[in-house]
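What follows is a set of notes on a single structure, which appears directly below.
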Amino acid sequence: PVTGCALDLDGDGVITDDDRIATLMSVWLPSMAPWYDQPVYMDADYAYDPNLIWNVDYIDASGLGGANSWQADWVLETANVVNIEFIDWGNPMENINPIVGQRFPVEVALYAKVADWVEGEPAGSLTDTSMTGYKMACLEWPGGKDELFGTSDLDTTSFTYQSAFATVLTNQFTAEVWNPDGTITSIELGPGIGPSGKMNFASASGGWIPKKPGWHRVWLHINDPLISFSGAIVNNDEHYIMTSGCKAQDLNPNKLELTGIVGDSTYIDVLVVPPSGNQ
């Protein structure tokens, strides 16, 4: 007998969790073939440069797995200053009010312009400094905690595209919140990868927990001499055309008033509300 997608594999007439798991492993998974091995081996050079963990060229796909490995272009910059084009504050910018006593995810992404449209060439033609990215789309539950992104070559000629922008990360930074009572709270951020595949600074311990209602100022201070905010603005990445390097729209003036850049630091003001939603 069959109930839903689970089989009564032990024949006792009752569908149990064991039956559901066994059905998944022995029936459904084989029906979804082919499956590809995950990478399990890194080249010996990885021991000398931990950044190589991002480089699929160092994964042995010949016999130990790796056929399901894929990644966008990346560069480890050790000499030249990277100028940030715009800063995207993510969740704090999306009209989401933090609530006293509840974790609030802080995220911020730094975007550098690595290529530009070539004058006289067809739209979308970039200089050879563009970087390869994957075409990502939300497949299910947009905006929810279970949103699912994926990549496909459906109706296109490739899984990838050439991007004029790249996200920038460093481990030389601090983050803090200026509270309305004059105190300062340090917050822990770390490198993260959003569901769309873009890298950012994200809450490393589940998020900041505000303790008081009122206006708070969230800061990100970059202390890396190879990163400069000179000329940078605060904006939303959805306001840019990644394939041509063009800015299509400025940040809403009301949101822009809540943000700022001071030297190589950036902030955003957020209104924390009590659990009832009342002031």
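The values are calculated or read from the model by the stated rules, or taken from the named source; none is laboratory data. From a predicted model like this one, the values you see are computed outputs, not experimental measurements. So basically every Cβ, Gly included, is an ideal-geometry build from the backbone, and we count neighbours across all protein chains shown. Ligands, DNA and RNA are stripped out before the accessible areas are found, and what is left, the full protein with its side chains, is counted by its heavy atoms. Shrake-Rupley method; radii C 1.70, N 1.55, O 1.52, S 1.80 Å.
Legend: residues Val218, Val114, sorted from most to least accessible area (1.4 Å probe; ligands, DNA and RNA excluded), read Val114, Val218. With 0.36 nm allotted per residue and the present C-alpha distance subtracted, the Ser186-Asp73 stretch has 37.4 nm of extension available. In units of the rule-of-thumb radius 2.2 N^0.38 Å, the stretch 213-269 shows an alpha carbon radius of gyration of 1.29.
Annotation: extensible slack from Val81 through Trp215 equals 44.8 nm (criterion: 0.36 nm per residue apart, minus Cα-Cα distance).
Highest mean packing first, where packing is the average number of other Cβ atoms within 10 Å per residue, the peptides 14-21, 128-135 line up as 128-135, 14-21. Remark: spin-label model distance Thr16-Ile241 equals 6.1 nm, labels positioned 7 Å along the Cα→Cβ axis.
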